[in-house]
Amino acid sequence: MSSNSHPSPTFPATRMRRNRAHPWMRRLVAETRLSVDDLIWPVFVVEGDGQRQPIPSMPGVDRLSIDVLTEEVAAAHDLGIPAVAVFPFIEPSLKTPDGREAFNPDGLVCRAVRALKLAVPDVGVICDVALDEFNSDGHDGIVRDGVILNDETLEVLCQQSVVQAEAGCDIIAPSDMMDGRIGAIRKALDDKGFDHVAIMSYAAKYASGYYGPFRDAVGSSGALTGDKKTYQMDTANTEEALREVAMDISEGADSVMVKPGLPYLDMVWRVKEAFGVPTFVYNVSGEYAMLKAAADQGWLDYDQVMMEALRSFKRAGADGILTYAARDAARILNAG
Ligand code: PBG
């Protein structure tokens, strides 16, 4: 009900502080609730055994080899986290201009997915679809003469999606921002009998500076030539994001995402309002790094500001949140 339909409350008949007076009262009147059910944990996987490689720009986040990853994801499952999003650190020697390692059925991502589905079958596995982790240019698409090719890239993204689905991936998450990718991938999956595999589209993905630490994590920072502004969205735009989302839904996206999170809460709100579809938000690497860096200086309380950030996504209408803080948040939520 809109507040305009009520007479304006006035003091002293109305004292807003009465509803804030006790912890139990605040619990009763809380308007939004963050739950472990809302969390998706992005993880970085690397070759080897027993590997736990710290990522300096993301304190507390490590690249994990598959054996360690399955243990950690089992622990995340015990905390109640419903799903993980897998990102690979590909050996530089395997990176080629065409990014063909992206559709190697025995590549790191596919092996990680198979191991996860075997070890922790009840955890949803989400795979990133884009070429930046696999090509020598660090771009999400195939580059020719400095141009990121759209339709040629679609073919590779379709092959990448199909091998991920074959490996057991539950949700294909294209983050590449090529035009027409959702429709092309939906068709490729359906043609191969993967009509049960869902698509979570990185629909409103901005050309953001907040992805820096992630590019360190997957080892694409050194490779990247130029920027991603010819395919990721201009940070000034909002209407354009709604058109992106509309197109992805019409092409068959089951859910959509806004990315980054905190600087784009307006878009989370508008997307959810306009379309009412499952709407996810990615609390990206730079957002995590900022909080960690300030907390490490003793300038902010990490638990408090992290939970405040996650709650802001729920206020804005997000159904779920991809966050590197998923385990920290789950522990806090489970402790009550
Ligand atoms: C790859 C991809 C990126 C992120 C998710 N998938 C990086 C990029 O687009 O450059 C960023 C995630 C983060 O910063 O946490 N296409």
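The values are calculated or read from the model by the stated rules, or taken from the named source; none is laboratory data. Since the model is a prediction, treat every value here as computed from it, not as a measurement. Here the Cβ is made from the backbone with ideal geometry for all residues, glycine too, and neighbour counts use every protein chain on show. Remember, those area values only see protein heavy atoms, side chains included, never the ligands or the DNA or RNA. Shrake-Rupley method; radii C 1.70, N 1.55, O 1.52, S 1.80 Å.
Taking region 321-336 as the search range and keeping residues that are touching a helix residue (DSSP H, G or I) at 6+ places or on another chain (Cβ under 7 Å) and more than 16 Å from VAL43 (Cβ to Cβ), which one is surrounded by the most Cβ atoms within 10 Å (Cβ to Cβ)?
LEU333
Taking region 258-282 on its own, how many of its residues are more than 16 Å from the ligand (Cβ to nearest atom), surrounded by fewer than 24 Cβ atoms within 10 Å (Cβ to Cβ) and either outside any helix (DSSP H, G or I) or basic (Lys, Arg) (or both)?
Residues in region 258-282 being more than 16 Å from the ligand (Cβ to nearest atom), surrounded by fewer than 24 Cβ atoms within 10 Å (Cβ to Cβ) and either outside any helix (DSSP H, G or I) or basic (Lys, Arg) (or both): 5 in total.
For region 283-320: of the residues being of a type in the set (Lys, Arg) and open to solvent by 50 Å² or more (accessible area, probe 1.4 Å), which is nearest to GLY124 (Cα to Cα)?
Let us first name the residues in region 283-320 that are of a type in the set (Lys, Arg), namely 292, 311, 314-315.
Cutting the leftovers down to open to solvent by 50 Å² or more (accessible area, probe 1.4 Å) gives us 311, 315.
Working: ARG311: 22, ARG315: 25 Å.
The residue in question is ARG311.
Among the residues of region 195-214, which ones are open to solvent by less than 10 Å² (accessible area, probe 1.4 Å) and aliphatic (A, V, I, L, M)?
VAL197, ILE199, MET200, ALA203, ALA204
Give me the pairs, please: first residue somewhere in region 220-234 and farther than 22 Å from VAL258 by Cα, second residue anywhere and more than 12 Å from the ligand (Cβ to nearest atom) and open to solvent by 80 Å² or more (accessible area, probe 1.4 Å), beta-carbon distance under 9 Å, and either six or more positions apart or on two chains.
Matching pairs, first to second residue: GLY222/PRO92; ALA223/PRO92.
So ASP248 clears everything in (1) closer than 21 Å to ALA274 by Cβ; (2) open to solvent by 30 Å² or more (accessible area, probe 1.4 Å); (3) in a helix (DSSP H, G or I); (4) acidic (Asp, Glu) except one condition, right? Which one?
It is condition (2) that ASP248 fails.
Being under 20 Å from the mean Cα position of the chain (by Cα) and of a type outside the set (S, T, N, Q) is the filter; apply it to region 230-239 and report the residue that is surrounded by the most Cβ atoms within 10 Å (Cβ to Cβ). Break it down stepwise before answering.
Our first condition is that a residue be under 20 Å from the mean Cα position of the chain (by Cα); within region 230-239, this holds for 231-235, 238.
This time we only want the ones that are of a type outside the set (S, T, N, Q), so: 231, 233-234.
Working: TYR231: 18, MET233: 22, ASP234: 10.
The residue in question is MET233.
Among ASP227, ASP216, which is within 15 Å of the ligand (Cβ to nearest atom), among the acidic types (Asp, Glu) and not in a loop (DSSP other than H, G, I, E, B)? Working first, answer last.
Values: ASP227 fails: not in a loop (DSSP other than H, G, I, E, B).
When all the criteria are applied, what remains is ASP216.
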